[in-house]
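First the structure, in the form of structure tokens, and then the observations on it.
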Amino acid sequence: MVTHKIQAVIFDMDGVLVDSEPFWQQAELEILCDHGVPLTLEDTLKTQGLRIDQVVGYWYQRHPWSGTSPELVADAILSRVVDLIAQQGEALPGVDSAISLIQQRGWALGLATSSPSRLVEATLSRLGLHSAFAVTCSAEHLRYGKPHPQVYLNAADELRVAPEHAMAIEDSFNGLLAAKAARMTTLAVPDPHHRDDPRFVIADHRLDSLSQFTQSWLDTLN
């Protein structure tokens with residue numbers, strides 16, 4: 001493995017900054033089940049890391065419904081998650097200290113997420129992190145969301161850093177694929193449901209929590 005000198009760190013949002021997965025699961029279960037999709041909690045893990053229109057499209061192909069367009073269903077799920085984040089969202093352990101350590105090193109900070117701008121705004125407002133990121137990029141209006149690398153490439157371009165000199169922090173395998181395809185150094189922080197997933201072996205680095213993102217760990221990178 002070739003390790004490039006890090007100049008920027010680009011965070012995913014859902015599952016990295018905030019434990020939003022339970023909110024997505026709740027909203028998907030409520031709304032998709034209302035439309036006749038026989039969804040279970042375990043089923044929601046199959047689409048983790050995908051853009052919400054891709055999630056809805058995945059289930060519409062398998063269990064098509066009538067009366068409401070997939071676009072309106074996706075918007076309803078998003079609105080529910082925005083409300084839940086605004087009311088209950090909390091930063092995951094280690095987020096604030098990790099951001100502080102990155103800033104101390106003078107590395108640029110960016111955000112690259114599949115989530116729409118509405119949710120980015122709600123999350124950063126709830127967590128008080130608006131000023132932390134020089135760049136926030138959403139895949140909302142891109143032709144492809146993750147696992148396509150475009151949102152990561154866009155973030156690197158806006159930070160004026162070569163992708164090879166950026167480290168991406170991801171919790172999902174789809175996000176990890178996007179960052180790898182962008183040729184970034186990758187740090188996987190899988191949630192407990194996915195820690196034993198053998199596919200995460202492709203990550204350059206792996207932590208169980210950002211609480212392990214310490215000064216001494218950072219010293220090993222460069």
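The values are calculated or read from the model by the stated rules, or taken from the named source; none is laboratory data. Treat the numbers as computed from the prediction; the structure is a model and nothing was measured. We place every Cβ from the backbone using ideal geometry, glycine too, and count neighbours over all the protein chains shown. Each accessible area value is taken on the protein alone, full model and side chains, heavy atoms only, with ligands, DNA and RNA left out. Shrake-Rupley method; radii C 1.70, N 1.55, O 1.52, S 1.80 Å.
Taking the condition exposed (fewer than 13 other Cβ atoms within 10 Å of the Cβ) and either modelled with pLDDT of 95 or more or of a type outside the set (S, T, N, Q) (or both), does S125 pass? Taking the combined requirement at face value, the residue does not satisfy it. In the range 180-193, the count of residues that are assigned to a loop (DSSP other than H, G, I, E, B) and without any contact (Cβ under 8 Å) to a residue 12 or more places away in the chain is zero.
Taking the numbered list (1) surrounded by fewer than 21 Cβ atoms within 10 Å (Cβ to Cβ); (2) at pLDDT 95 or above; (3) part of a helix (DSSP H, G or I) in turn, G106 passes all entries but (3). Among the residues of this structure, L50 counts as one that is part of a loop (DSSP other than H, G, I, E, B), within 17 Å of the chain's Cα centre (by Cα) and closer than 23 Å to D208 by Cα.
For the range 181-198, which residues satisfy the criterion of being open to solvent by 70 Å² or more (accessible area, probe 1.4 Å) and at pLDDT 95 or above? Hit for the range 181-198 is R183, nothing else.
Flag: T44 matches the condition of being under 21 Å from S172 (Cβ atoms) and in contact (Cβ under 8 Å) with a residue 12 or more places away in the chain.
Within the bounds of the range 79-98, is there any residue that is open to solvent by less than 10 Å² (accessible area, probe 1.4 Å), hydroxyl-bearing (S, T, Y), farther than 20 Å from A166 by Cβ and modelled with pLDDT of 95 or more? There is no residue in the range 79-98 that is open to solvent by less than 10 Å² (accessible area, probe 1.4 Å), hydroxyl-bearing (S, T, Y), farther than 20 Å from A166 by Cβ and modelled with pLDDT of 95 or more.
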